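The values are calculated or read from the model by the stated rules, or taken from the named source; none is laboratory data. These figures come from a predicted structure and were not determined experimentally. No Cβ is skipped: glycine too gets one built from the backbone with ideal geometry, and neighbour counts run over all protein chains shown.
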Amino acid sequence: MDMNQIGFGGNCHWCTEAIFQSLKGVSSVQQGWIASAGPAAEFSEAVLVCFDPEVISAATLIAIHLHTHSCTSSHSMRTKYRSAVYTVNEAQAIEAREIVLSLQSEFSEPVITRVLPLREFKLNREEDLNYYYKNPDKPFCRRYISPKLNVLMDRFKEEVNQDVVY
């Protein structure tokens, strides 16, 4: 199996983790913080996703990411929740920029999601990993994560792993 890796940030990492854990073709989701370069060198909540491109494409993953977080909102928490696709090499960065640009027509406002190089990753504490699937009935999960998973089911049902129960 040929696996690729890509990072995503934009929501709290618990939300982003649950979304990508729910997909076919995703073999692992590491939840934590990612730092890039330049103005994005500060760590921001994010996930690293390992995926099989024969099952789910980078284009589909990026589309899911854009549609399950506020990719057009420059709110005050963007330092903590940077809207980004983190790439592992220049070829992936070029592809990701083209994909984000091609998806702009699906949004009424400009997409602010940036494509950034992945420079460093820090894994979250063990007790916070797999947060949603360990705690689906907690108020935070019901209020913030479940609605995002509903968007995933409504818009990307074919990509959802039906063995995942939420």
(message) Can you tell me which residue is nearest to K148 (Cα to Cα) among those in the range 48-88 that are surrounded by 22 or more Cβ atoms within 10 Å (Cβ to Cβ) and among the small types (G, A, S)?
(response) S83
(message) Please verify whether E120 is surrounded by 17 or more Cβ atoms within 10 Å (Cβ to Cβ), at pLDDT 95 or above and either in contact with a helix residue (DSSP H, G or I) (Cβ under 9 Å, 6 or more places away or on another chain) or acidic (D, E) (or both), treating the condition exactly as stated.
(response) no
(request) Collect the residues in the range 49-96 that are aliphatic (A, V, I, L, M) and within 10 Å of the chain's Cα centre (by Cα), keeping them in residue-number order. (result) V49, L61, I62, A63, I64, L66, A84, V85
(message) Quick check on this structure: which one of I19, I34 is buried (at least 24 other Cβ atoms within 10 Å of the Cβ) and assigned to a strand (DSSP E or B)?
(response) I34
(request) List every residue pair whose Cβ atoms sit under 7 Å apart, with the two residues 6 or more apart in sequence or on different chains, where the first one lies in the range 69-94 and is assigned to a loop (DSSP other than H, G, I, E, B) and the second, anywhere, is surrounded by 21 or more Cβ atoms within 10 Å (Cβ to Cβ) and charged (D, E, K, R). (result) K80/E45; Y81/E45
(message) Just checking, does the range 143-159 include any residue being without any contact (Cβ under 8 Å) to a residue 24 or more places away in the chain and either in a loop (DSSP other than H, G, I, E, B) or touching a Leu at 6+ places or on another chain (Cβ under 7 Å) (or both)?
(response) no
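Restrict the check to the range 98-114 and report whether at least one residue is under 15 Å from T16 (Cα atoms) and not in a helix (DSSP H, G or I).
yes
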